[in-house]
Amino acid sequence: MPSSKSKPNRPNGGETHQTAGGAVPELTTAQGTPVSDDQNSLRVGERGPTLLEDFHLREKIFHFDHERIPERVVHARGFGAHGFFEPYESLAEVTKADLFQRPGEKTPAFVRFSTVAGNKGSPDLARDVRGFAVKLYTKQGNWDIVGNNIPVFFIQDAIKFPDLIHAAKEEPDRGFPQAQTAHDNFWDFISLTPESTHMAMWIMSDRTIPRSLRFMEGFGVHTFRLVNAKGKATFVKFHWKPKLGMQSVLWNEAVKINGADPDFHRRDLWAAIQTGNFPEWELGMQLFDEKFAERFAFDVLDATKLIPEEEVPIRIVGRLVLDRCVDNFFAETEQVAFCTQNIVPGVDFSNDPLLQGRNFSYLDTQLKRLGGPNFTHLPINAPKCPFQTLQQDGHMAFINPKGRVNYEPNSVSGAAGGPRETPERGFQSFAAVETGAKARVRSQTFADHYSQARQFYASQLPIEQQHIAEAFTFELSKVENVEIRARMVANLRNVDEGLARSVAGKLRLDRVPKAAKAAVEPRSDLAPSPALSILGNAPATFKGRKAGILVTDGVDATLLARLQRELKAEGASFEIIAPAIGGVKAKDGSAIAADQQVGGGPSVLYDCVALLVGDGVEALAAEPAARDFVSDAFAHHKFIGYVAAAAPLLKRALGPAPKDAGMIELKAGADVAQFRRAIRDLRFWARSM
Ligand code: HDE
């Protein structure tokens with residue numbers, strides 16, 4: 001009988017990967033039993049049935065069968081990284097929160113960015129709100145700021161959240177569309193929910209198609225409280241400001257990025273951290289008191305409203321740096337459990353009805369998702385400060401009390417008596433005085449649904465306003481029911497007549513519908529808030545951005561080296577795109593390695609492009625992917641550096657020489673320096689105007 005260990009019995013033709021003793025770890029079962037053969041299940045004879053007693057096979061398949069946990073009902077697709085927060089100054093006068101007491105002291109942090117609507121496998125560039133959830137492992141417990149990249153929200157009361165999400169997600173009968181709001185149910189709900197109009201303006205703006213997670217703002221959204229050692233409370237809104245500035249892509253680019261690299265955002269964050277370009281945000285606080293809250297035009301408890309920075313300036317108090325990727329995606333990014341109720345002494349809630357509802361939802365959802373009450377024991381969720389509770393048992397309890405006493409009060413003295421409450425240090429709720437009749441009501445102070453939507457639109461630059469109109473047109477054109485399209489335009493008439501008419505025209509509505517009836521007459525006296533524009537606050541640097549350099553055989557290696565030096569000096573990265581992944585041969589005979597083959601490296605993946613082509617250009621110009629590389633870069637307002645030899649490619653991609661100041665001929669080193677200066681504008685917007 002042939003031995004089951006005989007070489008031909010191995011699937012890869014006899015090659016073995018067995019431990020030769022020494023450093024290589026031995027494969028075992030989960031019980032620690034060494035495994036002799038991981039290639040063949042145990043069977044009777046060579047062609048006979050598999051034996052039930054094959055415990056290794058059964059254990060392996062059993063575990064595989066249970067590898068998945070339920071994905072998050074919202075924010076399923078996310079990407080996380082570790083880092084730290086450090087305050088610039090002591091904030092003792094406004095909060096006793098331990099992490100804000102000592103300037104420069106680092107608090108470990110974990111951040112998870114996400115999209116909202118799509119499932120775990122949906123593409124990164126869906127037009128969607130981005131989650132910006134920060135877990136701060138402070139010395140007095142974990143504090144989670146579970147925010148978004150948009151400072152307002154769709155709804156005012158948590159009771160509407162399931163409806164909002166049902167409407168946004170795939171439609172229940174057909175199970176599509178995935179990860180997009182461009183469908184009937186979403187706009188049906190939004191058009192019938194005037195309080196969402198402000199948020200609708202934000203999601204139709206370029207905020208929902210960020211170029212990188214590193215180039216996004218973050219917001220705590222709700223009004224919270226900070227409480228100092230004397231018990232004095234100050235209202236606060238939290239902001240995260242990206243050090244590299246904000247930047248978004250164009251919708252046409254987003255659509256193409258989703259095809260070219262559905263992991264565009266996670267790859268970008270991973271690459272930045274792995275190469276030591278640690279993304280950084282500053283924490284800003286808008287601090288205000290009850291008096292301001294009373295005189296402010298809107299209710300500070302209404303999450304569909306923001307407080308303009310021009311009205312309450314943002315005080316920058318510290319920085320958040322992400323400097324370490326996860327070791328294991330599942331253990332960290334998937335199992336991390338954010339809960340809005342995780343706060344620490346010195347921070348407190350407000351009565352925002354959305355926040356109050358969230359405080360129930362997050363703990364509740366983790367129970368389902370992580371399978372039991374002990375998810376707090378997982379390393380990613382456990383506090384990094386000492387913690388001791390009298391909680392015990394339950395699924396997967398691996399932090400278990402020792403000793404006899406598991407209750408309190410008890411009469412056992414000293415440490416054996418277990419943990420005790422600490423009235424001085426322990427969390428105390430701010431002693432807000434609350435009165436009122438029990439009722440299901442919406443405060444009249446929440447009733448103005450349009451004024452801030454109008455203010456947001458007025459705060460955008462013309463090109464940004466154009467993008468908003470185009471986004472509404474795109475989304476509403478996917479809506480099949482004409483009445484829904486018209487109802488949304490009726491809402492937009494309360495925001496901006498020009499916008500409403502433009503969208504109505506692009507949708508070819510029979511007539512512009514009457515403006516929706518507003519609960520409160522929209523105000524037109526709110527001054528624009530320049531801080532709300534992305535392009536108006538452009539960073540004027542190419543740092544952290546990426547160039548795509550298209551080369552062929554015959555490339556000028558000196559010019560290429562100069563361009564690479566300039567990009568590095570700018571703090572940017574680049575990739576070489578060539579007709580074949582094996583690279584090209586430069587004019588001087590040297591070999592140039594490629595990062596991408598032209599079909600796999602479209603220009604939508606880069607912030608600017610350079611066409612450093614040589615003899616091989618004619619053959620390259622015959623390739624559709626190469627022509628798209630150029631025509632897309634042009635259409636997406638990117639700066640294009642090129643050498644004279646690129647003429648045939650430019651001609652086939654763009655037609656007869658449409659030269660503009662965004663296209664820079666690179667003849668010598670000085671031109672490369674000029675190109676470097678130009679690309680700091682990120683896009684050559686003048687091309688479209
Ligand atoms: Fe969430 N949200 N949310 N949300 N949310 C969840 O919790 C919920 C809201 C946000 O990376 C869930 O662990 C309700 C606003 C982020 O793990 C769930 C309401 C803001 C994340 C939940 C809101 C957010 C979530 C799903 C209305 C910005 C991802 C999985 C009252 C300030 C966190 C989970 C991560 C996740 C409920 C509204 C941000 C179901 C009921 C407003 C960033 O508990």
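The values are calculated or read from the model by the stated rules, or taken from the named source; none is laboratory data. Please read all numbers here as calculations on a predicted model, not as lab measurements. As a convention, Cβ positions derive from the backbone with ideal geometry for all residues, glycine included, and neighbour counts pool all protein chains shown. These area figures cover heavy atoms from the full protein model, side chains too; ligands, DNA and RNA do not enter into them. Shrake-Rupley method; radii C 1.70, N 1.55, O 1.52, S 1.80 Å.
Some points to look at:
- Any chance ASP323 is farther than 30 Å from LYS232 by Cα, within 15 Å of the ligand (Cβ to nearest atom) and not in a loop (DSSP other than H, G, I, E, B): no
- From LEU244, LEU226, LEU283, residue being aliphatic (A, V, I, L, M), more than 16 Å from the ligand (Cβ to nearest atom), assigned to a strand (DSSP E or B) and in contact (Cβ under 8 Å) with a residue 40 or more places away in the chain: LEU226
- Residue in the stretch 57-69 that is at pLDDT 95 or above, closer than 30 Å to ILE343 by Cα and assigned to a loop (DSSP other than H, G, I, E, B) present: yes
Residue by residue, here is whether (1) modelled with pLDDT under 95; (2) over 20 Å from TRP685 (Cα atoms); (3) among the charged types (D, E, K, R) holds:
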residue	(1), (2), (3)
ALA453	no, yes, no
GLN460	no, no, no
GLN466	no, no, no
ALA469	no, no, no
LYS478	no, yes, yes
ASN481	no, yes, no
ILE484	no, yes, no
VAL489	no, yes, no
ARG493	no, yes, yes
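- Condition met for PHE161 (crowded, with 22+ Cβ neighbours inside 10 Å and near the ligand (Cβ under 8 Å from one of its atoms)): no
- Those residues of the stretch 326-363 which are assigned to a loop (DSSP other than H, G, I, E, B) and more than 10 Å from the ligand (Cβ to nearest atom), in sequence order: VAL326, ASP327, ASN328, GLN341, ASN342, ILE343, VAL344, PRO345, GLY346, PHE349, SER350, ASN351
- As a summary of the residue check, PRO123 satisfies the conditions (1) within 16 Å of the ligand (Cβ to nearest atom); (2) closer than 30 Å to PHE472 by Cβ; (3) buried (at least 18 other Cβ atoms within 10 Å of the Cβ) except for the one numbered (1).
- Of the residues contained in the stretch 383-394, one or more are found to be within 25 Å of the chain's Cα centre (by Cα) and not charged (D, E, K, R).
- Within the stretch 386-405, residues that are within 14 Å of PRO419 (Cα to Cα) have Cβ atoms under 7 Å from residues that are hydroxyl-bearing (Ser, Thr, Tyr) and open to solvent by 70 Å² or more (accessible area, probe 1.4 Å) in these pairs: LEU390/TYR407, counting only partners at least 6 apart in sequence or on another chain.
- Options ALA92, ALA23; residue that is open to solvent by 30 Å² or more (accessible area, probe 1.4 Å), touching a residue at least 12 places away in the same chain (Cβ under 8 Å) and farther than 30 Å from GLY131 by Cβ: ALA92
- Counted residues, the stretch 98-120 - those being open to solvent by 50 Å² or more (accessible area, probe 1.4 Å) and within 16 Å of the ligand (Cβ to nearest atom): 2
- Residue within the stretch 577-590 that is within 20 Å of PRO624 (Cβ to Cβ), modelled with pLDDT of 95 or more, surrounded by fewer than 16 Cβ atoms within 10 Å (Cβ to Cβ) and of a type outside the set (S, T, N, Q) present: yes
- Qualifying residue in the stretch 86-97 (condition: touching a helix residue (DSSP H, G or I) at 6+ places or on another chain (Cβ under 7 Å), near the ligand (Cβ under 9 Å from one of its atoms), of a type outside the set (Val, Ile, Thr) and at pLDDT 95 or above): no
- Residue within the stretch 405-413 that is part of a helix (DSSP H, G or I), among the acidic types (Asp, Glu), open to solvent by 40 Å² or more (accessible area, probe 1.4 Å) and out of contact with any strand residue (DSSP E or B) (no Cβ under 8 Å at 6 or more places or on another chain) present: no
- For the stretch 117-140, the set of residues classified as among the small types (Gly, Ala, Ser) and either under 24 Å from LEU99 (Cβ atoms) or assigned to a strand (DSSP E or B) (or both) consists of GLY131, ALA133, listed by residue number.
- Of all residues in the stretch 421-441, those satisfying the criterion of being under 30 Å from LYS106 (Cα atoms) and either modelled with pLDDT of 95 or more or loosely packed, with under 11 Cβ neighbours inside 10 Å (or both) are GLU421, THR422, PRO423, GLU424, GLY426, PHE427, GLN428, SER429, PHE430.
- Count of residues meeting criterion [farther than 21 Å from VAL152 by Cβ, in contact (Cβ under 8 Å) with a residue 12 or more places away in the chain and among the charged types (D, E, K, R)] in the stretch 335-385: 4
- For PRO172, the criteria (1) open to solvent by less than 10 Å² (accessible area, probe 1.4 Å); (2) in a loop (DSSP other than H, G, I, E, B); (3) away from the ligand (no atom under 16 Å from the Cβ) hold in every case but one, which is (1).
- Scanning the stretch 141-153 for residues that are part of a loop (DSSP other than H, G, I, E, B) and either more than 9 Å from the ligand (Cβ to nearest atom) or open to solvent by less than 20 Å² (accessible area, probe 1.4 Å) (or both) turns up ASN149, ILE150, PRO151, VAL152.
- Criterion (assigned by TED's automatic domain parsing to the domain that holds VAL336 and among the β-branched types (Val, Ile, Thr)) met by exactly one of VAL111, VAL73: VAL111
- Here is the figure for the stretch 198-223: residues that are more than 13 Å from the ligand (Cβ to nearest atom) and either within 21 Å of ARG545 (Cα to Cα) or outside the structural domain of PHE186 (by TED's automatic domain parsing) (or both) total 9.
Residue-wise test of (1) assigned to a loop (DSSP other than H, G, I, E, B); (2) touching a residue at least 60 places away in the same chain (Cβ under 8 Å).
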| position | (1), (2) |
| --- | --- |
| THR473 | no, no |
| GLU480 | yes, yes |
| GLU483 | no, no |
| ARG487 | no, yes |
| ASN491 | no, yes |
| SER502 | no, no |
| LEU509 | yes, no |
| GLU521 | yes, no |
| ASP525 | yes, no |
